[in-house]
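Report on the structure given below.
The values are calculated or read from the model by the stated rules, or taken from the named source; none is laboratory data. Only a predicted model underlies this, so the values are computations on that prediction, with no experimental measurement involved. So basically every Cβ, Gly included, is an ideal-geometry build from the backbone, and we count neighbours across all protein chains shown. For accessibility, only protein heavy atoms count, side chains too; no ligands or nucleic acids. Shrake-Rupley method; radii C 1.70, N 1.55, O 1.52, S 1.80 Å.
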Amino acid sequence: MSMNTFGRVFRFTTWGESHGPALGAVVDGCPPLLELNEAAIQPFLDARRPGTSRFTTQRQEPDQVKILSGVFEGKTTGTPISLMIENTDQRSKDYGEIAKAYRPGHADYAYDAKYGIRDYRGGGRSSARETAARVAAGAIARLVIPEVTITAYVSEIGGDAIDRDNLDYTFIDQNPFFCPDRLAAERWERLVDEARKNGSSLGAVVECVASGVPAGWGAPIYAKLDADLAAAMMGINATKAVEIGDGFAAARLTGEQNADEMRPGEPGPEGRGAPEFLANHAGGIVGGISTGQPVVCRVAFKPTSSILTPRKSINSDGEAVDVRTKGRHDPCVGIRGAPVVEAMMALVLADHKLLHRAQCG
């Protein structure tokens, strides 16, 4: 049984393939009376859209979203919201040479082993094209959590990381890399250009920060906020690792270093206020429940598997072949991962806000 639905209360199902006529999502469990139209969704799709710079795939897709249901007179009705994004620039002939060959590092072989059939045109559901539907659904999720601000940015490409002393969030939307460090963006321009000209690709790390998440979202054991975040991020195509807070670095700290120490905060209108934290090694989540600090995660994207450099593989007959993938591909798929990571963060937080409200009022 294939799982194409994510979430418990706020649920979304994506559908469609890279080279099919369209793709989209169905969002269920959205509260009624939220103001929604296509214009509220489109800016997020525009940020993820391909062909916007020489550093991404040159496939030209307008990614215009259509709302087919669940909205009446500009407001959500509480019924399923169906979203559709048409594919307009497929070039399936580019994939003719790999119709029977498996791209090393790609899902080609795994799909064939599972289903006995695969859509070789761009990889079908395994294509990063599928993430457009997630971004559209994530735009609706943001309406459920207006108190939260979500910012994702690329923090590393090809092993070259940003300098955190140079962080400038205002610069993220001013460069094609979603990079908050001007100097790093200049270096990455040369890195990605070189990979593209060599017919190769690079990996990347996307960092996401959600501010304004109140304390109390999540649950212990089987509905941990960080567990659902990890599952959501690992479900993004080309993701190979996820860290919450300090992540693997926490294993190299002592208990004293890792402790997010607290001091009394300013009293609120009803008495005791929220604590003042002196660090955030936990990434805003302890015991599976949010602490009120920013929720922080990092997502590692592997290098794009579709490259021009020949690689050793086999075909569907078990014969040895060398695979070289033609067509239009991202030299670094992680660059366009930032809007997708933001969307998945929003979808998980919206679901947990509604779960928390259902149990605790």
### Condition check for Cys208: open to solvent by less than 40 Å² (accessible area, probe 1.4 Å) and part of a strand (DSSP E or B)
yes
### Of all residues in the stretch 143-188 being of a type in the set (Val, Ile, Thr) and more than 19 Å from the chain's Cα centre (by Cα), the one that is surrounded by the fewest Cβ atoms within 10 Å (Cβ to Cβ)
Thr170
#### Entry: Unmet requirement for Asn280, which otherwise passes all of (1) part of a loop (DSSP other than H, G, I, E, B); (2) more than 30 Å from Thr149 (Cβ to Cβ)
(2)
### Message
Checking Thr131 against (1) in contact with a Cys (Cβ under 9 Å, 6 or more places away or on another chain); (2) crowded, with 24+ Cβ neighbours inside 10 Å; (3) within 18 Å of Ala47 (Cα to Cα), only one condition comes out false. Which one?
### Response
(1)
### Query
If you go through the stretch 333-353 one residue at a time, how many are open to solvent by 10 Å² or more (accessible area, probe 1.4 Å), of a type in the set (A, V, I, L, M) and more than 26 Å from Gly199 (Cβ to Cβ)?
0
### the stretch 103-127 - residue that is closer than 16 Å to Asn4 by Cβ and of a type in the set (Phe, Trp, Tyr) and, of those, most open to solvent (accessible area, probe 1.4 Å)
Tyr115
#### Entry: Matching residues in the stretch 166-203 - criterion: being of a type in the set (Asp, Glu) and part of a loop (DSSP other than H, G, I, E, B)
Asp168, Asp181
### Message
If I ask for residues that are at pLDDT below 85, touching a strand residue (DSSP E or B) at 6+ places or on another chain (Cβ under 7 Å) and over 20 Å from Ala128 (Cβ atoms), which ones from the stretch 64-106 would you list?
### Response
Lys100
### Query
Taking the stated definitions as given, is Ala185 among the hydrophobic types (A, V, I, L, M, F, W, C), within 20 Å of Ala300 (Cα to Cα) and modelled with pLDDT of 95 or more?
yes
### Message
Can you tell me which residue is nearest to Pro21 (Cα to Cα) among those in the stretch 107-140 that are outside any helix (DSSP H, G or I) and modelled with pLDDT of 85 or more?
### Response
Ile117
### Query
Any residue at all in the stretch 318-332 that is out of contact with any helix residue (DSSP H, G or I) (no Cβ under 8 Å at 6 or more places or on another chain), within 30 Å of Asn175 (Cβ to Cβ) and open to solvent by 70 Å² or more (accessible area, probe 1.4 Å)?
no
### Message
Looking at the stretch 315-322, can you tell me whether even one residue there is under 30 Å from Gly218 (Cβ atoms) and outside any loop (DSSP other than H, G, I, E, B)?
### Response
no
